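Below: one structure, written as structure tokens.
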Amino acid sequence: MAITATVTRAFTYATGVDISAANLNQLGEPTVTIDEGNVNITGGTISGLSSPIAIADGGTGSANAGAARTALGVGTLGTQASNAIAVTGGTISGTLMTLKSYALSGVPSASPAGQMIYVTDGNAGAATVAVSDGSAWKVVALGATIST
């Protein structure tokens, strides 16, 4: 498929040729055909494409943001705010998880169930992990220190 573009007129007459409106109009509208296999764009803006740029060519293969996220496999995680990410499937691995830390006097509501927090003084003054059952925070026994 060839790319066709309209080019702004730019013509240089030889020395001694009279330039008039009549002979300028005889130039017509020039066109340029470009072999798309050898196009290198190094700046500027690309607009008015009749089809999206393929993933293999550095695009997303999509005409809108939602379709681009789907084509790239981003899913709904790509639209979530960084302070409210909901992972609803899959596996989290290869990273440390840090629980939000609270003093006993500042723990949040235990609703909804399933939340986990670290409480600096929540087990008779000692640090503990707590899990909510939806109405109260339950102490998770920390046990002995790990050793090798």
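Values in this text are rule-based calculations from the coordinates and carry no lab data. Just so it is clear, the model here is predicted, and its values are computed rather than measured.
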*Using θ = phi - 60° and Karplus 6.51 cos²θ - 1.76 cosθ + 1.60, couplings along the range 113-128 (whole Hz; Gly, Pro as x)*: 5, x, 6, 10, 9, 10, 10, 5, 9, x, 10, 6, x, 9, 5, 7
*Which cross-chain or sequence-distant (5 or more) residues have an amide H under 5 Å from the amide H of Ser62, H modelled 1.01 Å from N in plane?*
Ile53
*Kindly write out, for the range 44-50 in residue order, the coupling ³J(HN,Hα) from the Karplus curve 6.51 cos²θ - 1.76 cosθ + 1.60 (θ = phi - 60°), rounded to whole Hz, with x marking Gly and Pro.*
x, 10, 9, 8, x, 5, 7
*With θ set to phi - 60° and the Karplus curve 6.51 cos²θ - 1.76 cosθ + 1.60, what are the ³J(HN,Hα) couplings of the range 77-87 in order, to the nearest whole Hz, using x for Gly and Pro?*
4, x, 10, 7, 5, 5, 9, 8, 8, 10, 8
